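The values are calculated or read from the model by the stated rules, or taken from the named source; none is laboratory data. Here the structure is a predicted model, which is why all the values come from computation and not from measurement. Here the Cβ positions follow ideal geometry from the backbone for every residue, glycine too, while neighbour counts run over all protein chains shown.
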Ligand SMILES: Cc1cc2nc3c(=O)[nH]c(=O)nc-3n(C[C@H](O)[C@H](O)[C@H](O)COP(=O)(O)OP(=O)(O)OC[C@H]3O[C@@H](n4cnc5c(N)ncnc54)[C@H](O)[C@@H]3O)c2cc1C
């Protein structure tokens, strides 16, 4: 499992693909009902979603799509499936070729300053209001006294300089290290809630690439601008897959394409300009966990369950069908043995390969699995015995210690999580303000 996360100022929002999804109502209903957290169905939570969407300039006004998003839209339409435009947090976009091309690379560095992540929104505002920001700093532990947070200890390494020990004293501490690092930090700080680090959800994702007769140049343009939600709630459950697209600059493409050997890999990569890729993003019901290794670093344990794998493979089948309907001539199925579906004029030539898919070996390392969404390791809810966070975002164990990141989700969001994380942080900030007032 390859995990992608942003270890930089602004975290994932600095490097992500700018798809800005509101939390679906069925997820909010599920969280409220199953985790005794009624705030998720409140007007106040919707107001938090509105507030962060406005701060990030979320919009659907950019009209252009790249080849693979066009293929997702057209192939789905030919199969009678609906797609939607993905709202994106970008502004100052013009119709120039430079902007269109640059968008495809913005996860590697936003050359035109158009992505509205936390770096140039909330962090900038905080800085302008006197917040002090220490990059290149690793928080080792949160300090506590008599069951109350008192600050944090960290190591700051200035560029080219020697590491400095930092001690921060505070009335209240908010942790937002992401769902892998936050539980590790809390465990290093002595918290011992039995569910801390459990329930790691990853939205396990595979890539279904296809070769088209025409050039796609999918490394240009908005990386994800079209989504197909036909398979998001399979068999009447809240679990299933979203079909979206990734940026496909050659580095990422080389990482995710199946590998049989040097010659085969070279052939695939030589056709890169003609490849279009969809991602199958699975809402995982069965999670993994994060614990500490002997050095205090996070250790991740995650195995894709049979239930989640079945949903994922249904999504792979669906993605292959859409590629074929969109005119692809070969679809590379995401397995180490590189099963390839051939197609001509929208008709699959060897459909049995899709039927055989579930019978291939799907153990770890027999196929490439990825996640850019880490969630729920410090979940919030109304049951103190099973949820390390109170509904306010404060830890059950330590007063004045809050968590405001993806680890606080009661379960996975089922959609790309940026807006939900930020809305939850916004909501938690209101709780914090009133408790500080007290
Ligand atoms: C490549 C990529 C593409 C994505 N695309 C999308 C998308 O299009 N739409 C979407 O909704 N979501 C997307 N995501 C997911 C989304 O960006 C993340 O889920 C989200 O940013 C996670 O927020 P977070 O606050 O939980 O943690 P993070 O964003 O991971 O922030 C944690 C921060 O804490 C820092 N940190 C951790 N531990 C410590 C420590 N001990 N001391 C000091 N600092 C520490 C990290 O360096 C990081 O800066 C994408 C993610 C990636 C990686």
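Observations
Residue by residue, here is whether (1) touching a residue at least 12 places away in the same chain (Cβ under 8 Å); (2) under 23 Å from residue 179 (Cβ atoms); (3) surrounded by fewer than 18 Cβ atoms within 10 Å (Cβ to Cβ) holds:
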position	(1), (2), (3)
326	yes, no, no
344	yes, no, yes
378	yes, yes, no
392	yes, yes, yes
401	yes, yes, no
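- Some residue of region 181-198 being part of a strand (DSSP E or B) and either in contact (Cβ under 8 Å) with a residue 24 or more places away in the chain or surrounded by 20 or more Cβ atoms within 10 Å (Cβ to Cβ) (or both): no
- Hits in region 75-133 (condition: at pLDDT below 95, part of a helix (DSSP H, G or I) and touching a helix residue (DSSP H, G or I) at 6+ places or on another chain (Cβ under 6 Å)): 107
- Residues that are assigned to a loop (DSSP other than H, G, I, E, B) and either more than 18 Å from residue 412 (Cα to Cα) or more than 6 Å from the ligand (Cβ to nearest atom) (or both) within region 1-11 comprise 1, 6, 7, 8, 9, 10, 11, listed in sequence order.
- Flag for residue 49 being part of a helix (DSSP H, G or I), within 26 Å of residue 118 (Cβ to Cβ), within 16 Å of the ligand (Cβ to nearest atom) and at pLDDT 95 or above: yes
A quick yes/no check of all residues on (1) farther than 14 Å from residue 369 by Cα; (2) at pLDDT 95 or above; (3) in contact with a helix residue (DSSP H, G or I) (Cβ under 9 Å, 6 or more places away or on another chain):
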site: 282; (1), (2), (3): no, yes, yes
site: 287; (1), (2), (3): yes, no, no
site: 297; (1), (2), (3): yes, yes, yes
site: 305; (1), (2), (3): no, yes, no
site: 308; (1), (2), (3): no, yes, no
site: 316; (1), (2), (3): no, yes, yes
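- Applying the condition of being surrounded by 15 or more Cβ atoms within 10 Å (Cβ to Cβ) and free of Cβ contacts under 8 Å to residues at least 12 places away in the same chain to region 17-46 and asking which residue is nearest to the ligand (Cβ to nearest atom) yields 46.
- Residue in region 408-424 that is within 8 Å of the ligand (Cβ to nearest atom), within 22 Å of residue 152 (Cα to Cα) and in contact with a strand residue (DSSP E or B) (Cβ under 9 Å, 6 or more places away or on another chain) present: no
- Meets criteria (part of a helix (DSSP H, G or I), surrounded by 16 or more Cβ atoms within 10 Å (Cβ to Cβ), within 20 Å of the chain's Cα centre (by Cα) and within 16 Å of the ligand (Cβ to nearest atom)) for residue 14: yes
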